[in-house]
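*Asks:* Quick one: the structure is below, and I'll ask about it shortly.
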Amino acid sequence: MLRVTAIDPSDGARAPRADRETSARADDHRALRLWLRLLTCTQLLERHMRNLLRLRFGTTLPRFDLMSRLERYPEGLKMKELSHHLMVTGGNVTGIVDQLVGERLVERLPEPGDRRAFRVRLTRVGYDAFGKMARAHEEWIVSVLSGLSRREHAELFRLLAKVKSHALEITERKDGA
């Protein structure tokens, strides 16, 4: 059970609720509190998107993500490539692909030169279904982030790019050591 404590009442955040951020204490390092705020925001937004996808389209976020990736690769992707792009195991991808094949949203095609491998790509029905989901998803994201001004969007984007760049630098240095 997470303890509910205020992080910084002057920072404009709503009244605290039991989430990852509320587990922080006022004397925790600011970087830790920022990490918990980022994680909490990500989890809240992801939960909201999962619920909307389920309610409106009867689908899951992993299925949406897989179809999104395939939409960007009209020639399709090998299963290993899909796993790599989605950063999940091959077993996870196989289960989702099996479901989507059964619904005729994706198809498996033989891979020339490799009898053991095949490509997965969206079918015409899959493109149409994904297009509807993608348009709704974009509207939901725009709505959720509409509480920020254009200037705030730009500033947040710039700051997160800086965090990402530094994180990549640090992790690549440590991973390569």
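*Asks:* Looking at the range 29-77, which trypsin sites (Lys or Arg not before Pro) are DSSP coil and have at most 13 other C-beta atoms within 10 Å of their C-beta? Don't skip to the answer; put the middle values down first.
*Replies:* Numbers: sites: Arg30, Arg33, Arg37, Arg47, Arg50, Arg54, Arg56, Arg63, Arg69, Arg72; in loops: Arg72.
Of the trypsin sites (Lys or Arg not before Pro), the ones in loops of the range 29-77 whose Cβ has at most 13 other Cβ atoms within 10 Å are Arg72.
*Asks:* Once you have the alpha carbon radius of gyration of the range 117-165, what is it after dividing by 2.2 N^0.38 Å, with N set to its residue count? Kindly include the intermediate steps, with their values, before the conclusion.
*Replies:* Working: Rg = 16.7 Å, N = 49, 2.2 N^0.38 = 9.7 Å.
Against the empirical 2.2 N^0.38 Å value, I get 1.73 for the range 117-165.
*Asks:* How far, in degrees from 0 to 90, does helix 30-57 lean away from the longest principal axis of the Cα atoms of the chain, to the nearest 10?
*Replies:* Between helix and principal axis, roughly 40 degrees.
*Asks:* So, one more: Using all C-alpha to C-alpha distances in the range 19-94, build P(r) with 5 Å bins and read off the rounded percent in each one.
*Replies:* Spelled out per bin, shortest first, that is 3, 14, 17, 14, 15, 14, 11, 8, 4, 1, 0.
*Asks:* So what is the calculated 222 nm ellipticity per residue for the chain, using -39500 (n - 2.57) for each DSSP H run with n of 4 or more, over all residues, to the nearest 500 deg cm²/dmol? Don't jump to the answer; show the numbers that get you there.
*Replies:* Details: 6 runs with 108 residues, N = 177.
Helices in the chain give a 222 nm mean residue ellipticity of -20500 deg cm²/dmol.
*Asks:* If you fit an axis through the alpha-carbon atoms of helix 124-144 and take the longest principal axis of the Cα set of the chain, what angle between them do you get, 0 to 90°, nearest 10?
*Replies:* 10
*Asks:* With every protein chain present, what accessible area does Met133 have (1.4 Å probe, heavy atoms only), rounded to the nearest 10 Å²?
*Replies:* About 10 Å², ignoring ligands and nucleic acids.
*Asks:* Which number do you get for Rg(Cα) / (2.2 N^0.38 Å) in the chain? If you can, show how the numbers build up before the last one.
*Replies:* On the way: Rg = 20.2 Å, N = 177, 2.2 N^0.38 = 15.7 Å.
Here the answer is 1.28, to two decimals.
*Asks:* Would you work out which of His84, Val125, His137 lies farthest towards the positive end of the dipole of the range 35-155, given +1 charges on the beta-carbon of Lys and Arg and -1 on that of Asp and Glu, about the Cα centre?
*Replies:* Toward the positive end, the furthest listed residue is Val125.
The values are calculated or read from the model by the stated rules, or taken from the named source; none is laboratory data. Since the structure is predicted, the reported quantities are computational estimates derived from the model, not experimental observations. Note that we place each Cβ from the backbone using ideal geometry, even for glycine, and neighbour counts take in every protein chain shown. These area figures cover heavy atoms from the full protein model, side chains too; ligands, DNA and RNA do not enter into them. Shrake-Rupley method; radii C 1.70, N 1.55, O 1.52, S 1.80 Å.
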